[in-house]
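First up is the structure itself, then whatever we jot down about it.
Just so it is clear, none of the values below were taken in a lab; they were calculated from the coordinates. This structure is a prediction, so every number in the text was calculated from the model and none was measured. Quick reminder, even Gly has a Cβ in these numbers, built from the backbone with ideal geometry, and neighbours come from all protein chains shown.
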Amino acid sequence: MAEDKVLDIYLYALTRYVAQVPGDSVGITLVVPGAVVRGNLIGHETWTAAWAVQMRAWGQGTGVETVAQLPDQVERLSEAVRREQGLDAAADAGHKEFLHLRDAIITNGSPATSISGVLWRGRIADVSGWSMGA
């Protein structure tokens, strides 16, 4: 039988607290399956806005227009899913179950495979340990 994941209520409360002030952030280090993730914990709205800016600003060449339109397409699709599932369009849509980081550094034990300076989103239930500070 699979073990149920336990939601860390302290981490959950911290994410909700940070989300109350758009643009606010706090440094955090997370241990998730296969990696350590460090960065600035931000609210879902701040993350979504930063993600849209990032997608629209990426590069030049083939496929750039598709990438630039991705945030709008994802938002339209998520609205359609909410309607199909009978969820309130203004509802959180499950985002409160996730952590959102900016300027994240993701490592899996080898510096050669680390990724830095990215936006990151992960499930709170997947965090096995964390500390304040990035």
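Worth a mention:
- First in the range 96-121 and in a helix (DSSP H, G or I), second anywhere and among the charged types (D, E, K, R), Cβ under 7 Å, 6 or more apart: 96/16; 97/123
- Inter-residue pairs, beta-carbon under 7 Å, first touching a residue at least 12 places away in the same chain (Cβ under 8 Å) and exposed (fewer than 15 other Cβ atoms within 10 Å of the Cβ) and in the range 8-33, second not in a strand (DSSP E or B) and not β-branched (Val, Ile, Thr), 6+ apart: 16/96; 22/43; 22/45; 27/133; 27/134; 31/128; 33/126
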